[in-house]
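Single-structure report; data block below.
The values are calculated or read from the model by the stated rules, or taken from the named source; none is laboratory data. A quick note: this is a predicted structure, and the numbers were derived from the prediction, not measured. Note that we place each Cβ from the backbone using ideal geometry, even for glycine, and neighbour counts take in every protein chain shown. Just the protein is used for accessible areas: all its heavy atoms, side chains included, with ligands, DNA and RNA removed. Shrake-Rupley method; radii C 1.70, N 1.55, O 1.52, S 1.80 Å.
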Amino acid sequence: MKILIALFALALTMSCAEKPNKITLLNNENFKTTVDGKEVSLYMLINGDLVMQVTNYGARVVSLWAPDREGNYADVEIGYENIDRYINNTGERYLGAVVGPVANRIANGKFSLDGKEYTLPQNNNGQTLHGGTLGVDRIVWDVKSCDHNEIVFTTTLPDGQDGFPANRSIEMTYRLTENNEFIVEYEATTDAKTVLNLSHHSFFNLEGDGEGTILDHILTINSKAITPVNEFLIPTGEIMPVEGTAFDFREPHAIGERVNGDHPQLKAGAGYDHNWILDREDNGKVEKVADVYSPKSGRGMEVYTDQIALQFYCGNFFDGSYNNKFGKPILYRGAIALETQRYPDAPNQPSFPSVELEPDEVYKHTCIYKFYAK
């Protein structure tokens, strides 16, 4: 069922209401603007059975169309319909974006590096979340190249941005393959010692954006343990085995099966919003680490990475008070994020694997979301 370019042009003229197995793209004009003197645009990638739209504002995926078991398409990426809602939104900030320079949380907005303390913006209940006030999700990335199935972004983060040290150069590639993979590849260097832990923050609903919750999605994570958190979602420094708990996804479980249980960590996270330690070596090899499947649509998504941890978040802070790109409310637990990463708050946790980057090193990170239908 590979998409043919000639047929694709025809599909663009038809609405989802008229042809539910067809694709409706967002309007390019709704994403044209200028931020800090840099032009923002919308780009399209297509390969295999996938069609994606991406903006260089925060390198955000704004739509991702994939077929179900009957060949009918739906946009499985939670997003907004125009650039203004991403820039000036009052809802979820990180929809579809790259996050960093240090993804996840840093306790109290502070860390020390070689004896020097750095102070960061406290943008989440007194903590630093996903890099701070600006991060990498609120900048306009340069587009180095763009082909029908691949776009390459670059940026340089100046020393002191959001309080982080060093000038850091980042190149990031989004690629769609004939095997229905959405590949994210990062490579970064620095001119001085720093900390770096990038991640991708797409929110997925395999029944379609705005089509109910993800509580019936079946999830598997190759992990024996999580890093438990306190009331501010900062790791305590402990390692908690998942065996016998609602956090054990080594065998497939529906997300909604145990999410409202009485485990203290479910209370702390208001559901699932935790870092799973992946059952793998830190050897740079890309391995399958997770799988999520919608029984209703038959769409599934495998996650592959070379990273050692995975943040699983099930939309606990969505509340239905604002709408998606189709004018439908983004429901409580209406999406899932699976963010490949190193451990949260690693700069403050000596027992955690390091996220430090030296000038003679190259940061590399691969994340693959592979879609299927059955």
Would you mind checking which residues have amide H under 5 Å from LYS224's amide H? H placed 1.01 Å from N; only 5 or more apart, or other chain.
ASP279
At a 10 angstrom cut-off on C-beta neighbours, averaged per residue, how do the peptides 134-141, 110-117 rank from highest to lowest?
134-141, 110-117
In Å², what does the accessible area per residue of region 123-223 work out to with a 1.4 Å probe?
31 Å²
Cross-link partners among lysines for LYS296, C-alpha distance below 17 Å, same-chain residues fewer than 8 apart left out?
LYS374
Please report Rg (one decimal) and Dmax (integer) in Å for the Cα set of region 240-374.
16.6, 49
Place +1 on the Cβ of every Lys and Arg and -1 on the Cβ of every Asp and Glu in the chain, take the dipole about the Cα centre, and give the residue among ILE330, HIS274, VAL152 whose Cα lies farthest towards its positive end.
ILE330
If packing is taken as the average count of other Cβ atoms within 10 Å, what order do 53-60, 364-371, 330-337 fall into, highest mean first?
53-60, 330-337, 364-371
Where the centre of each part is set by its Cα atoms, how far does region 300-374 sit from region 70-137, in angstrom?
11 Å
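Rounded to a whole number, what % of the accessible area of region 256-330 do carbon and sulfur atoms account for, probe 1.4 Å?
Numbers: 1400 of 2900 Å².
Of all accessible area on region 256-330, carbon and sulfur atoms account for 48 percent.
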Using θ = phi - 60° and the Karplus relation 6.51 cos²θ - 1.76 cosθ + 1.60, list the HN-Hα couplings for region 185-201 in order, rounded to whole Hz, with x at every Gly or Pro.
10, 10, 8, 8, 9, 9, 9, 7, 4, 8, 10, 8, 7, 7, 7, 10, 10
Would you work out if region 38-124 is rounded, prolate or oblate? Take a ≥ b ≥ c from the square roots of the eigenvalues of the alpha-carbon gyration tensor; rounded if a/c is under 1.5, else prolate when a/b is larger than b/c, oblate otherwise.
prolate
Using a Gaussian network for the chain with springs between C-alpha atoms less than 10 Å apart, which of these wobbles most: GLY160, GLY132, GLY300?
GLY160
Taking θ as phi - 60°, what are the ³J(HN,Hα) couplings along region 119-133 by the Karplus curve (6.51, -1.76, 1.60), each to the nearest whole Hz, with x for Gly and Pro?
10, 10, x, 9, 9, 8, 6, x, 10, 9, 10, 6, x, x, 5
With the Cα gyration tensor of the chain giving a ≥ b ≥ c as the square roots of its eigenvalues, does the rule (a/c under 1.5 for rounded; else a/b larger than b/c for prolate; else oblate) give rounded, prolate or oblate?
oblate
Enumerate the amide H contacts of ALA309 below 5 Å, restricted to partners 5 or more residues apart or on another chain; note that Pro and chain-start residues carry no placed amide H.
LEU278, GLN341
Relative contact order of the chain, pairs being alpha-carbon contacts under 8 Å that are 6 or more residues apart, as %
17 percent
Using modelled amide H (1.01 Å from N, peptide plane; none on Pro or chain starts), what sits under 5 Å from the amide H of VAL136, excluding residues fewer than 5 places away?
GLY100
Please list 3J(HN,Hα) in residue order for region 338-346, calculated via the Karplus relation 6.51 cos²θ - 1.76 cosθ + 1.60 where θ = phi - 60°; whole Hz, with x for glycine and proline.
10, 10, 6, 5, 9, 5, x, 6, 4
Calculated from DSSP H runs of 4 or more alone, at -39500 (n - 2.57) each and per residue, what is the 222 nm mean residue ellipticity of the chain, nearest 500?
-1000 deg cm²/dmol
Where the only charges are on Cβ atoms (+1 Lys, Arg; -1 Asp, Glu), what is the dipole of the chain about its Cα centre, to the nearest 20 debye?
620 debye
